[in-house]
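Taking it in order: structure first as structure tokens, then the write-up.
We did not get these values from a lab; they are worked out from the coordinates using the rules stated. From a predicted model like this one, the values you see are computed outputs, not experimental measurements. Here the Cβ positions follow ideal geometry from the backbone for every residue, glycine too, while neighbour counts run over all protein chains shown.
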Amino acid sequence: MTNTPLLPSILLVGCGKMGGAMLEGWLAHGLAPSVVIDRHLAELPAPHRVVRSLEAIPADFAPDIILVAVKPQKANGVLAELAQHFPNATLLSVMAGRTIASLLAAYREGNAAASPIIIRSMPNTPSALGAGMSGLYAPPEASAEQKKQCDQLLSAVGKTVWVDQEGLIDSVAAISGSGPAYVFLLAELLEQAGIEQGLDAPTARALARGTIYGAGQMLHQLPTDAAELRRNVTSPGGTTEAALKVLMASDAWPQAVSTAIAAAVKRAKELAS
Ligand SMILES: NC(=O)C1=CN([C@@H]2O[C@H](COP(=O)(O)OP(=O)(O)OC[C@H]3O[C@@H](n4cnc5c(N)ncnc54)[C@H](OP(=O)(O)O)[C@@H]3O)[C@@H](O)[C@H]2O)C=CC1
Ligand SMILES: O=C(O)[C@@H]1CCC=N1
């Protein structure tokens, strides 16, 4: 554990791939005593606790933030239960698509008098390594302190940006929430293409992964535009130019990426309720 100040205390509901990735980062950072509701996790380092159900949460536990990281389609039941235990909670949702209005309606199914503040976020799995990229949106009724606590949590595991319209969280989901999957697909495809071109599998894998890591480091560390970094690799009449003529044809990557991102945003809107 580092000497940095403790992060806000949380009740983490849903400790799967995304909840688990963030928890890994937070535990490395120093989290105020927190509780995770999970059916699979065996234990957590003290003073944190894992419980199997809401009923098992210590009666005096009052988390700063309830972080909901279950599937958007499966949230209603647990939201209604949470509303009975924590009617005026600050909720941080990482669920793709689910709107604040739909989350509030589900909360009030469990307790009509509940009045939670719901902030939406869209993190990504590199948060497990402290290299996350998250977008957040807070409604006007959220206080500066509530926004600060949510930002602290996500800043502890990477970078954050705030958007000023709730609908833009769906765009964030399509770019950076899902984004690691696009990069991992590129790694898979580069590796396969390397094998097709005669490399043995471990060599193709090392080249593909090492290249994405190195290019990512350049994007991370240098202020240079991506387009200029690309041009710096592209010798006139050389190998890169030959490959980019294929990839940059208007009906190739430019169209495919734009269409793919639009499909992700459309899916987020379908998950709204
Ligand atoms: N994966 C990603 O890269 C990202 C995901 N998200 C969002 O994160 C959320 C979770 O996604 P992901 O982690 O991939 O999904 P997972 O299925 O890996 O995780 C969901 C977890 O929630 C648990 N769960 C379900 N119901 C309850 C409950 N009532 N109480 C406690 N735990 C419960 C599930 O347990 P069980 O398996 O036993 O049902 C599971 O462990 C989604 O809303 C998604 O939109 C956001 C950004 C990125
Ligand atoms: O695929 C999904 O719906 C979630 C949200 C962003 C990444 N994973």
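With charges set only on the Cβ (+1 for Lys and Arg, -1 for Asp and Glu), what does the dipole of the stretch 10-167 come to about its Cα centre, in debye to the nearest 20?
Values: 12 positive and 13 negative charges, 76 e Å.
Around 360 debye, computed over the stretch 10-167.
Averaging sequence separations of C-alpha pairs under 8 Å and six or more residues apart, then dividing by the length of the stretch 10-167, give the relative contact order as a whole percent. Working shown, then result.
Numbers: 294 pairs, mean separation 34.3, N = 158.
That works out to 22 percent.
Determine the sum of side-chain charges near V163: Lys and Arg each +1, Asp and Glu each -1, restricted to other residues whose C-beta is under 15 angstrom from that of V163. Display every interim value, and only then the final one.
Working: positive: R120, K147, K159; negative: D151, D164, E166, D170.
Here the count lands on -1.
Output ³J(HN,Hα) for the stretch 69-74: one whole-Hz value per residue in order, computed from phi by the Karplus curve 6.51 cos²θ - 1.76 cosθ + 1.60 with θ = phi - 60°, and x for Gly and Pro.
Karplus-based 3J(HN,Hα) across the stretch 69-74 equals 10, 9, 5, x, 6, 10 Hz.
Which three extents, in whole angstrom, do the alpha-carbon atoms of the chain cover along their principal axes, largest first?
69, 37, 32
Sum up the charges of everything whose Cβ sits under 15 Å from the Cβ of G194, counting Lys and Arg as +1 and Asp and Glu as -1, but leave G194 out. Can you show the working numbers first?
Working: positive: R205, R209; negative: E188, E191, E196, D200.
Net local charge, G194 excluded: -2.
As I understand it, the dipole of the chain uses +1 on the Cβ of Lys and Arg and -1 on the Cβ of Asp and Glu, about the Cα centre. Which of L222, L31, I57 lies farthest toward its positive end?
After comparing all options, I get I57.
Based on Cβ point charges of +1 for Lys and Arg and -1 for Asp and Glu, what charge dipole magnitude is obtained for the chain about its Cα centre, in debye rounded to the nearest 20? Show your work: numbers first, answer last.
Values: 20 positive and 23 negative charges, 38 e Å.
Using only the charged Cβ atoms, the result is roughly 180 debye.
Considering Cα pairs under 8 angstrom that are at least six residues apart, work out the relative contact order of the chain and quote it in whole percent. Working shown, then result.
Values: 422 pairs, mean separation 43.9, N = 273.
Taking the mean separation of contacting Cα pairs over the length of the chain, I get 16 percent.
From the backbone phi of the stretch 9-20, what are the Karplus-calculated ³J(HN,Hα) couplings (6.51 cos²θ - 1.76 cosθ + 1.60, θ = phi - 60°) in whole Hz, Gly and Pro given as x?
6, 10, 10, 9, 10, x, 10, x, 5, 7, x, x
Show me the three semi-axes of the equivalent ellipsoid for the stretch 10-167, from the C-alpha gyration tensor (sqrt of 5 times each eigenvalue), largest first, rounded to whole Å. Each step should come with its number before you reach the end.
On the way: eigenvalues 87, 80, 38 Å².
So the equivalent ellipsoid measures 21, 20, 14 Å along its semi-axes.
In vacuo Debye scattering of the stretch 92-164, one point per C-alpha: log10 I(q)/I(0) at q = 0.24 Å⁻¹?
Scattering profile of the stretch 92-164, log10 relative to I(0): -1.07.
Normalise the Cα radius of gyration of the stretch 121-198 by 2.2 N^0.38 Å (N = residues in it) and let me know the number.
Values: Rg = 16.3 Å, N = 78, 2.2 N^0.38 = 11.5 Å.
Dividing the Cα Rg of the stretch 121-198 by 2.2 N^0.38 Å gives 1.41.
Counting other beta carbons within 10 Å of each residue's own, what order do M133, M22, M218 fall into, fewest first? Let's see the in-between values first.
Values: M133 21, M22 28, M218 12.
Starting with the residue having the fewest Cβ neighbours, the order is M218, M133, M22.
Can you grab the distance from the C-alpha centre of the stretch 28-58 to the C-alpha centre of the stretch 85-100, Å, no decimals?
Here the two parts' Cα centres lie 19 Å apart.
Placing +1 at every Lys and Arg Cβ and -1 at every Asp and Glu Cβ, with all other atoms neutral, what dipole size does the stretch 184-273 have around its Cα centre, in debye to the nearest 20? Numbers along the way, then the final one.
Details: 8 positive and 9 negative charges, 56 e Å.
The calculation lands at about 260 debye.
Nearest-5 percent of antiparallel DSSP beta bridges in the stretch 10-167?
10
Give me the percent relative contact order of the stretch 179-270, please, defined on Cα pairs under 8 angstrom at least 6 residues apart. Write down the numbers at each step before the final one.
Values: 26 pairs, mean separation 11.9, N = 92.
Rounded, it is 13 percent for the stretch 179-270.
Rounded to the nearest 5, what is the percent of antiparallel bridges among the DSSP beta bridges in the chain?
Working: 3 of 26 bridges.
The answer is about 10 percent antiparallel.
Taking the Cβ of T234 as the center, what net charge do the other residues with Cβ under 12 Å away carry, scoring Lys and Arg +1 and Asp and Glu -1? Walk me through the numbers on the way to the answer.
Working: positive: R230, R231, K245; negative: E228, E241.
After counting each charged neighbour, the total is +1.
Considering the dipole of the chain built from charges on the beta carbon (Lys and Arg +1, Asp and Glu -1) around the Cα centre, which of Y213, M18, A193 is farthest to its positive end?
Farthest along the dipole direction, towards plus: A193.
Once the dipole of the chain is set up with Lys and Arg at +1 and Asp and Glu at -1 on Cβ about the Cα centre, which of A268, A174, A89 lies farthest towards its positive end?
A268
Under the rule of at least 5 residues apart or a separate chain, name every residue whose amide H is placed under 5 Å from the amide H of V36.
Those qualifying (amide H under 5 Å, at least 5 residues apart or on another chain) are L12, R49, V50, V51.
Using only Cα atoms and rounding to the nearest 10 degrees, what angle (0 to 90) does helix 144-155 make with the longest principal axis of the chain?
Once rounded, the angle reads 40 degrees.
Among the listed pairs K17/K147; K17/K245; K17/K159; K71/K245, give every one whose C-alpha distance is greater than 29 Å.
Details: K17/K147 24 Å; K17/K245 37 Å; K17/K159 19 Å; K71/K245 40 Å.
Cα-Cα > 29 Å for K17/K245; K71/K245; rest within.
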